[in-house]
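Right, one structure below, let's go through it.
The values are calculated or read from the model by the stated rules, or taken from the named source; none is laboratory data. In this text the structure is predicted, and so the values were computed from the model without any measurement. Here the Cβ positions follow ideal geometry from the backbone for every residue, glycine too, while neighbour counts run over all protein chains shown. Heavy atoms of the whole protein, side chains included, go into the accessibility calculation; ligands, DNA and RNA do not. Shrake-Rupley method; radii C 1.70, N 1.55, O 1.52, S 1.80 Å.
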Amino acid sequence: NQILSNPYISNIHVYQIGANDVIYATTGKTRIGESGQELLGDNKIWRFNYQNNGIWQSFKISTPNTANTYSLNINPTNTSEIWVTTNNGVFVSNDGGSTWTNKNSNLPAGNITSMISNPSNFGEKIVVNYTEGIFKRNPSTGSWSNITSNINDYDKFSSVVISPTATGTWGQKVFLANADGYLSRGLWYTQNGGSTWEVAGFIETQNMGWNFGSKIACNPKSICFNSLGHLF
């Protein structure tokens with residue numbers, strides 16, 4: 001009821017910050033009504049219990065052509081540093097959402113639907129460009145490079161996740177990317193930070209609904225790998 005002014009919720013994120021749970025909701029997902037009219041959101045990001053205040057509050061990215069937010073990452077060592085992905089690229093705020101900076105160096109324009117951060121180096125990230133593939137950020141230069149590499153059977157990408165129980169550097173992590181479209185596409189994984197990808201399984205994704213809404217999740221009690229059944 002707090003966010004019915006814009007009911008298009010694209011993602012929910014819960015973070016434990018100190019002893020408190022903080023909830024973030026990204027909003028503004030584009031929808032096409034039955035009349036064919038394009039309905040854009042107001043690009044608000046809502047959060048609850050920020051700084052243990054027990055209330056809902058909203059903020060937004062005041063950037064032209066940015067109407068939709070899809071995913072959000074909080075720096076675990078500096079909760080004022082917030083990264084978001086939007087229909088207009090990647091943005092970061094270093095002051096809790098008051099001001100924003102574009103972080104799109106070498107990143108193709110388009111919808112960035114998902115993002116994960118390296119737990120060992122928060123500045124290093126992997127994002128999904130809905131139509132262009134998967135990209136990795138160099139924390140030293142701030143530029144992005146395409147790591148779609150050997151994924152050669154895909155139409156569109158919607159989601160990438162990281163195994164919640166894996167520890168160490170990118171090379172010891174297991175990533176899962178959802179490549180979907182109107183044909184049988186499915187899931188891919190990498191164990192080397194995106195240098196190469198392997199097939200984890202294929203799904204009739206035409207039955208999964210609107211591509212932007214196709215998300216995947218890992219069982220937090222298991223390392224999510226290949227066909228062990230720990231994916232949702």
| Within segment 135-159, which residues are surrounded by 21 or more Cβ atoms within 10 Å (Cβ to Cβ), out of contact with any helix residue (DSSP H, G or I) (no Cβ under 7 Å at 6 or more places or on another chain) and modelled with pLDDT under 90? | Phe157, Ser159
| query | What single numbered condition from (1) surrounded by fewer than 20 Cβ atoms within 10 Å (Cβ to Cβ); (2) at pLDDT 90 or above fails to hold for Lys60? | reply | (2)
| query | Looking at Ile82, Ile74, Ile116, which is the one that is among the hydrophobic types (A, V, I, L, M, F, W, C), farther than 24 Å from Gln51 by Cβ and open to solvent by less than 20 Å² (accessible area, probe 1.4 Å)? | reply | Ile116
